[in-house]
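The values are calculated or read from the model by the stated rules, or taken from the named source; none is laboratory data. What you see is a predicted model, and the numbers here were worked out from it, not measured in a lab. Glycine gets a Cβ as well: all are built from the backbone with ideal geometry, and neighbour counts include every protein chain shown.
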Amino acid sequence: MSQYIKDAPETPGAAGAEPEATRRDADGTESSRASRGWWDRNADDYQREHGAFLGDDRFVWGPEGLDEAEAGLLGPAEALRGLDVLEIGAGAAQCSRWLAAQGARPVALDLSHRQLQHALRIGADVPLVEADAGALPFRDGSFDLACSAYGAVPFVADPAGVFAEVHRVLRPGGRWVFSVTHPIRWAFPDEPGPEGLSVSGSYFDRTPYVEQDDRGQAVYVEHHRTIGDRVRDVVAGGFRLVDLVEPEWPAWNSQEWGGWSPLRGNLIPGTAIFVCVRD
Ligand SMILES: C[S@@+](CC[C@H](N)C(=O)[O-])C[C@H]1O[C@@H](n2cnc3c(N)ncnc32)[C@H](O)[C@@H]1O
């Protein structure tokens, strides 16, 4: 029931066995370790499978295909020129490449070394930083803007801690815009077909989704927060929420991405994008 990358191949456990999918607690250390390992092992498949849809130099907010060039959630594209921008959980840094093309000065940060190697492969001529979103290696007030397209936030045990870090490195008035799986999806099976349209669990169950190996060690973790939880985390982090965007499924998009599909996308939201301003 992984809510974002389920269509990627399963990662064999230590003894070569398929990981077991379960719901159980996973703290920050275990979640980070699992994320780094999973993305390092699966980055090649992920980029092979989704790279064309994401585009090497576009800023796509999620599987619906909402493009920042049209959405303008970071502000007008012409106002990005000269801004210091931090992209968190950048993957292959496609969004940072788009930002650089607008005249911004992006820094692309990711936990996964292999994901950042793909940034080099596609020719991302931006600074790449390998670090955890929970401990940003930058001075206070280093950036005018921070953004993340499904990077880090869905995978961390302490999103409020990440937001506090983003607040610290942003200058006053700076925007923090991030997308995550729409929380309502957690009440449904992560299936693109009709079986993904019937509620199968509690929306209010915050127990993380964990895939673990045969020694019980997490190899993949996602954390669920309700919409209300996310709003409270944003506010606790010192931000004002100025918009919450739920992209509708566009007629041109016929692709399935894990549990995201035209069928489901036309009926229930799949992505939530939080547009926040640092006070
Ligand atoms: C679904 S990808 C999103 C990347 C890119 N925006 C895209 O759409 O392909 C999630 C990214 O978040 C990164 N990530 C996961 N946990 C992280 C953490 N704690 N700190 C920094 N990056 C993290 C992963 O390594 C991965 O590259």
TODO: Return yes or no: is Phe188 crowded, with 16+ Cβ neighbours inside 10 Å, modelled with pLDDT of 95 or more and more than 25 Å from Ser32 (Cα to Cα)?
DONE: yes
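Yes/no matrix, rows are residues, columns are (1) in contact with a Lys or Arg (Cβ under 7 Å, 6 or more places away or on another chain); (2) surrounded by 20 or more Cβ atoms within 10 Å (Cβ to Cβ); (3) at pLDDT 95 or above:
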residue: Pro137; (1), (2), (3): no, no, yes
residue: Val156; (1), (2), (3): no, yes, yes
residue: Gly161; (1), (2), (3): no, no, yes
residue: Val199; (1), (2), (3): no, no, yes
residue: Ser202; (1), (2), (3): no, no, yes
residue: His224; (1), (2), (3): yes, yes, yes
residue: Leu244; (1), (2), (3): no, no, yes
Open item on the list: Just the residues that are near the ligand (Cβ under 10 Å from one of its atoms) and among the basic types (Lys, Arg), please, taken from segment 143-176.
Closed with: none
TODO: Taking the residues in segment 9-43 that are in contact with a Lys or Arg (Cβ under 7 Å, 6 or more places away or on another chain) and modelled with pLDDT of 95 or more as candidates, determine which candidate is nearest to the ligand (Cβ to nearest atom).
DONE: Trp39
- [ ] Evaluate the following for Ser179: is it more than 8 Å from the ligand (Cβ to nearest atom), modelled with pLDDT of 95 or more, polar (S, T, N, Q) and part of a strand (DSSP E or B)?
- [x] yes
Task: Residue count for segment 72-94, restricted to those that are in contact (Cβ under 8 Å) with a residue 40 or more places away in the chain, farther than 21 Å from Val153 by Cα and of a type in the set (Gly, Ala, Ser) - done: 1
Open item on the list: of a type outside the set (A, V, I, L, M), part of a helix (DSSP H, G or I) and farther than 13 Å from Ala133 by Cβ: which single residue out of Gly201, Gly228, Gly174, Gly216 fits that description?
Closed with: Gly228
TODO: Give the residues of segment 246-279 that are of a type in the set (Val, Ile, Thr), within 16 Å of Arg230 (Cα to Cα) and either crowded, with 20+ Cβ neighbours inside 10 Å or out of contact with any strand residue (DSSP E or B) (no Cβ under 7 Å at 6 or more places or on another chain) (or both), sorted by residue number.
DONE: Thr271, Ile273, Val275
TODO: Determine whether segment 46-68 contains at least one residue that is in contact with a Cys (Cβ under 6 Å, 6 or more places away or on another chain) and either buried (at least 16 other Cβ atoms within 10 Å of the Cβ) or basic (Lys, Arg) (or both).
DONE: yes
